[in-house]
Amino acid sequence: MGNLLEGKKILVMGVANRRSIAWGCASVMQEQGAQLIYTYQNERLKKSLLKLVGDEERLVECDVSSDESIQAAFSIVKERFGTIDGIVHAIAFAPKQELEGNILNSTRAGFAQALDVSSYSFLAVAKFAVEKELLNENASLATLTYMGSTRAIPSYNTMGIAKAALEAEMRYMARDLGAQGIRVNAISAGAVKTLAVTGIKDHSKLLDMSQNRAVDCVSVTTSQIGGMCAFLMSDLSTGVVGDVLYVDKGVHLI
Ligand SMILES: NC(=O)c1ccc[n+]([C@@H]2O[C@H](COP(=O)([O-])OP(=O)(O)OC[C@H]3O[C@@H](n4cnc5c(N)ncnc54)[C@H](O)[C@@H]3O)[C@@H](O)[C@H]2O)c1
């Protein structure tokens, strides 16, 4: 237990279950004294989130593929909790055919959906948070990315393109929100076995490859990723702006 985030209210978007990177982030931030609010995609995911969090008041529905849903969620957050100090965006989705084989399997509709949910949604979240005057001065926004944005990882395909878009978008957001005292960054996490990863064809090969390339051959944990997230949400990171911070035990070096 520390007090790095004492007095901070952070919105965590993207906990599906206890394996989720967002849950690793939430757990570390809670240990550091943050007050946490969570969004969930739909009723089915609400159930598992409620089991983890135990307090329905702190859970708000938000499907990031809908502007109306984001706006409604942020109105509820503001009504219940007032303004907040940070948002963690740990959300991605691509249809199955976008995550296997040849990139030419990609379809116009699948590509659009992957980019909408996995890339555009971060911008939409920032846009409506600003519009609703939800963010305190010095607020911090962070998203989760993967090195498939810069390297051609087997089967990662369209999601790699979505992550490249997300990283570029994050830099433009950092530029334009910086003037309002809001900083924006991305955490590039190493491969972790979560629900999202199991959608990728041959995901166990991807996880093995990643583990073998970690400097000590031990995969990164969601708590280690959460440590970076807590730092980025804290006042220790006010000089870190528009950056992609790797938390992958050195996999991207090898
Ligand atoms: N697991 C990894 O190896 C890894 C590595 C690097 C980056 N990431 C990224 O971390 C983030 C979190 O993924 P995870 O691996 O923890 O998987 P996860 O399945 O636990 O989380 C993904 C979340 O996205 C949410 N989501 C999908 N579509 C949504 C929508 N329309 N509206 C609202 N929420 C929606 C799901 O409900 C789920 O909570 C993703 O951006 C992922 O790409 C994961």
Q. Looking at the stretch 52-72, which of the residues that are within 21 Å of the chain's Cα centre (by Cα) and more than 17 Å from TYR120 (Cα to Cα) is nearest to the ligand (Cβ to nearest atom)?
A. GLU61
Q: Keeping to the stretch 189-204, report how many residues are near the ligand (Cβ under 7 Å from one of its atoms), buried (at least 22 other Cβ atoms within 10 Å of the Cβ) and within 14 Å of LYS96 (Cβ to Cβ).
A: 1
Q) Which of the residues belonging to the stretch 225-245 are part of a helix (DSSP H, G or I) and within 24 Å of ALA191 (Cβ to Cβ)? A) ILE225, GLY226, GLY227, MET228, CYS229, ALA230, PHE231, LEU232, MET233
Q: For the stretch 2-20, enumerate the residues that are open to solvent by 40 Å² or more (accessible area, probe 1.4 Å) and at positive phi.
A: GLY7
Q) Going through the stretch 233-253 one residue at a time, which ones are within 19 Å of GLN32 (Cβ to Cβ) and within 18 Å of the chain's Cα centre (by Cα)? A) MET233, SER234, SER237, VAL240, LEU245, VAL247
Q. Would the stretch 93-114 turn up any residue that is closer than 21 Å to ILE225 by Cβ, within 11 Å of the ligand (Cβ to nearest atom) and open to solvent by 20 Å² or more (accessible area, probe 1.4 Å)?
A. yes
Q: Scan the stretch 21-39 residue by residue and report those that are part of a loop (DSSP other than H, G, I, E, B) and open to solvent by 20 Å² or more (accessible area, probe 1.4 Å).
A: GLN32, GLY33
Q: May I ask you to list pairs of residues, at least six apart or on different chains, whose Cβ atoms are under 8 Å apart, with the first in the stretch 198-216 being among the basic types (Lys, Arg) and the second being open to solvent by less than 80 Å² (accessible area, probe 1.4 Å) and assigned to a helix (DSSP H, G or I)?
A: LYS201/LEU99; ARG213/VAL251
Q: Among the numbered conditions (1) within 23 Å of ASN136 (Cα to Cα); (2) hydrophobic (A, V, I, L, M, F, W, C); (3) open to solvent by less than 40 Å² (accessible area, probe 1.4 Å), tell me where LEU45 comes up short.
A: (1)
**Q.** Test set (1) under 17 Å from the mean Cα position of the chain (by Cα); (2) outside any loop (DSSP other than H, G, I, E, B); (3) under 28 Å from GLN224 (Cβ atoms) - ASN136 fails condition number
**A.** (1)
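The values are calculated or read from the model by the stated rules, or taken from the named source; none is laboratory data. Here the structure is a predicted model, which is why all the values come from computation and not from measurement. Note: ideal-geometry Cβ built from the backbone for every residue, glycine included; neighbour counts use all protein chains shown. Accessible surface is based on the protein model in full, side chains and every heavy atom, while ligands, DNA and RNA are left aside. Shrake-Rupley method; radii C 1.70, N 1.55, O 1.52, S 1.80 Å.
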